[in-house]
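Have a look at the structure below before the remarks.
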Amino acid sequence: MSSTSAVEPGTRLAERFRLEDRVSESDGATLWKAIDEILARPVAVHTFAPDFPRVHEVVTAARAASRLTDPRLTQVFDAAEDDKSAYVVSEWVTGETLTDLLANGPLEPERAAGLVAEAAEALAHAHEANLYHLCLRPSHLMWTNGNTVKVLGVAVDAAMWGLTTDQPALDDAEGLGRLLYAGLTGHWPGDEEEGGLPAAPMSDGHFCTPRQVTAGVPGYLDTITVRACLPESRRGQGALASPSEVADSLADVARPMPIPISYPSTPAVASASHTEGLDIAHRQKTTPSPRRCRPSRCRTARRTAAAARSTAC
C-alpha cells in the first residue's frame, strides 16, 4: 500500500478543511486533525492512498452514517471521492476512552453498566438505519470532556477495514458485552490483549465470568455480560442478540455522571489517539490494582479454538 504522505499538513479539502496534524496512518488510511475554517472548529479527517481498495465503501458508509441523529454517535460532516482524492470529515471528540478509564483498574460496576447502556441505546438507533459497528473495542467508547458518552466509528470503521457479517445484530451485542466485561473487570474477553488491557482469565477453556474475576460485581450485571458475550457460561439463559436487547437489559441502571478528577500539579499533555477524532489528556496514573481472580478457579490462558467465538477486528 502506498503512503498517503502526498497529502501534507496545510492541504485544504473542499476549500474549508485545513489539514494540520497527522494523527495516525495504517494500510493507506490516514487520520488527521484538521480545522473547519468556516466554522472555526477542529474536525477529524480521514484521507486515503490512491490505491486504497475500499474508498467507495468507506465514503458510502460515511454518507449513510451522516444521517444518524443520535448525539452519542460520532457525527459525520462530509465525505467525498473523485479521481484525485477521497476523504471523510467527522467531529473531533475530546475525552477519555474506556481504555483510559480502566488504566487504574475496573470501574465501579454501575458506572461501567451506565456507559455501556448509553452505547447500546446509540447502537440500537444505528441498527434501525441498518448501520452497524462490527469492531467494538475499548477505544471506540468515549467519555467526553462534555460529560457524555460517544461511540466512535459506526459503519465507517467496518468499511475501512473490510469487515462484513451475516449476523450484525448478534456481533454488535457481543461487542457491547465485551465492553461491559472490560469495564467490570479491567480485562478483555478475547484471544489476546486489547488496547493494553490484559486478556481475560480462563477456567476449563472458558472465560471466567466477571464475578469470578472481580469481587463485588452484582449478580444481574454478571448475568447480562454472560448472556451478551459468554455463550459457554449461559447455562440455558437466552442470548442477548441485538444492541436493543442489551439496552433493554440495562435500562434501569443509573446513567454515568462526571468522574471527580485530581489534576496533577503539572499541566496535562494533550495527544491524539489512533482512533477516529480522539484527543486525550494523559493524566498521572497510579499503579494498577493487582488481578483479583481466584487462582484456584481461574488461570490466564489463551482461549481454545473450540471455545473461540469472538470475531477479529
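The values are calculated or read from the model by the stated rules, or taken from the named source; none is laboratory data. Note that the structure is a prediction, hence the values are computed from the model and not measured. Here Cβ is always computed from backbone atoms with ideal geometry, including for glycine, and neighbour counts include all displayed protein chains. Accessible surface is based on the protein model in full, side chains and every heavy atom, while ligands, DNA and RNA are left aside. Shrake-Rupley method; radii C 1.70, N 1.55, O 1.52, S 1.80 Å.
The table below lists the values:
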| item | result |
| --- | --- |
| Val45 being over 18 Å from Gly162 (Cβ atoms), free of Cβ contacts under 8 Å to residues at least 60 places away in the same chain and surrounded by 19 or more Cβ atoms within 10 Å (Cβ to Cβ) | yes |
| Residues satisfying the stated conditions in segment 63-91, i.e. assigned to a strand (DSSP E or B), in contact (Cβ under 8 Å) with a residue 24 or more places away in the chain and open to solvent by less than 50 Å² (accessible area, probe 1.4 Å) | Leu73, Val76, Asp78, Ala80, Ala86, Tyr87, Val88, Val89, Ser90, Glu91 |
| Test: residue in segment 221-234 that is assigned to a loop (DSSP other than H, G, I, E, B) and either modelled with pLDDT under 95 or in contact with a strand residue (DSSP E or B) (Cβ under 7 Å, 6 or more places away or on another chain) (or both) | yes |
| Exclusive hit being under 15 Å from the mean Cα position of the chain (by Cα) and in a strand (DSSP E or B), set Gly153, Gly95 | Gly95 |
| Any hit, segment 21-35, residues being part of a loop (DSSP other than H, G, I, E, B), on the phi < 0 side of the Ramachandran plot and either among the hydroxyl-bearing types (Ser, Thr, Tyr) or open to solvent by 70 Å² or more (accessible area, probe 1.4 Å) (or both) | no |
| Selected residue [part of a loop (DSSP other than H, G, I, E, B) and either surrounded by fewer than 23 Cβ atoms within 10 Å (Cβ to Cβ) or not basic (Lys, Arg) (or both)] from Leu115, Leu170, Leu134 | Leu134 |
| Some residue of segment 141-152 being open to solvent by 10 Å² or more (accessible area, probe 1.4 Å) and in contact with a Phe, Trp or Tyr (Cβ under 9 Å, 6 or more places away or on another chain) | yes |
| Long-range neighbours under 7 Å by Cβ, at least six apart or interchain, first residue in contact (Cβ under 8 Å) with a residue 40 or more places away in the chain and farther than 14 Å from Gly28 by Cα within segment 151-162, second part of a loop (DSSP other than H, G, I, E, B) and of a type in the set (Phe, Trp, Tyr) | Ala155/Tyr132; Ala158/Tyr132 |
| Scope segment 173-195; condition open to solvent by 30 Å² or more (accessible area, probe 1.4 Å) and assigned to a loop (DSSP other than H, G, I, E, B); matching residues | Asp191, Glu192, Glu193, Gly195 |
